[in-house]
Amino acid sequence: MNKPQLILIDLDGTLVDSVPDLAFCANEMLRRLGREPWDEERVRDWVGNGVERFVRRALVGAVEGEPAEDEFDKAYPIFLQLYAEHNGERSQLYPGIQVGLETLSQDAYHLSCVTNKAAEFTEPLLEALGIAHFFEVIISGDTLPRKKPDPLPLLHVAEHFQADPTQSLMVGDSISDVKAARAAGFQVVCVTYGYNHGNDIRDAEPDAVMDSLTELPALFVNR
């Protein structure tokens, strides 16, 4: 792979294992609605398309499907309140993230975080885990009119840095990241440990896969 001018990194499933917080809040929401909670491993398959989509999945217990709108309208504000209160309490950085970000920062790459998580949850989570300072730009799911898999967030950051999309890189864990990168003309590397709705990320055919962010610099042929 060519050494990029710009590196964008996804949040949930790439930098942070946020499922413990999400599962806790989803299950507390369900309890308040008189519903049974879900196993945390099942919840892992529902992450990646923003909070609203996550709540809908929690209500139906599946990636696909829609709850009754009156049920969603009751559940959604409960979840938002719970997540605002508990965001970052149980979430953890994946192994290698702190060292990987330090290395990339020392090598003077432009680093930005691009996520579908709403800004009210994104920035507090990055701050709580001590990595917000690594990112020059943070694009959340509600920062722009469209979010991943649309290419707009990626192209917006590339324009900000006046970076050539073909010399830019998206690092993520899901097919949404791959689709956004392809549409934007970015290179794309995916981590093997992410969510991706329970599917093997290799099936999405990113340019490369890695087990840790610390492996990223070694993928560049002209490093």
Item checked: Ranked Phe220, Phe134, Phe186, criterion: other C-beta atoms within 10 Å, fewest first -> Phe220, Phe134, Phe186
Next item on the list: Could you pull out the pairs from Lys117/Lys148; Lys147/Lys179; Lys3/Lys117 whose alpha carbons sit more than 22 Å apart here?
Entry: Lys3/Lys117
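Which of the three applies to the range 19-86, rounded, prolate or oblate, going by the alpha-carbon gyration tensor with a ≥ b ≥ c and a/c under 1.5 meaning rounded? Walk me through the numbers on the way to the answer.
On the way: a/c = 1.27, a/b = 1.03, b/c = 1.23.
Taking the square roots of the gyration eigenvalues as a ≥ b ≥ c, the range 19-86 is rounded.
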Note to self: Can you tell me the length gained on complete extension of the stretch Gln92 to Arg35, counting 0.36 nm per residue apart and subtracting the Cα distance?
What the structure shows: 17.8 nm
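List Asp17, Asp107, Asp200 from most exposed to least, where exposure is judged by having the fewest other Cβ atoms within 10 Å.
Working: Asp17 22, Asp107 13, Asp200 9.
By the 10 Å Cβ count, ascending, the order reads Asp200, Asp107, Asp17.
Among Glu215, Glu127, what is the fewest-to-most ranking by other Cβ atoms within 10 Å? All intermediate terms of the calculation are to be shown ahead of the outcome.
Values: Glu215 15, Glu127 12.
If I rank by nearby Cβ atoms, fewest first, I get Glu127, Glu215.
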Margin query: Could you tell me how far the Cα centroid of the range 120-180 sits from the Cα centroid of the range 53-87, in Å?
Written below: 24 Å
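Using 0.36 nm per residue, how much length does the chain from Ala183 to Ala132 gain when fully extended, once their Cα-Cα distance is taken away?
Working: separation 51, 0.36 × 51 = 18.36 nm, distance 2.69 nm.
My answer for the length gained is 15.7 nm.
Just so you know, all these numbers are worked out from the coordinates, no wet-lab data involved. Everything numeric here is computed off the predicted structure, so don't read it as measured data. So basically every Cβ, Gly included, is an ideal-geometry build from the backbone, and we count neighbours across all protein chains shown.
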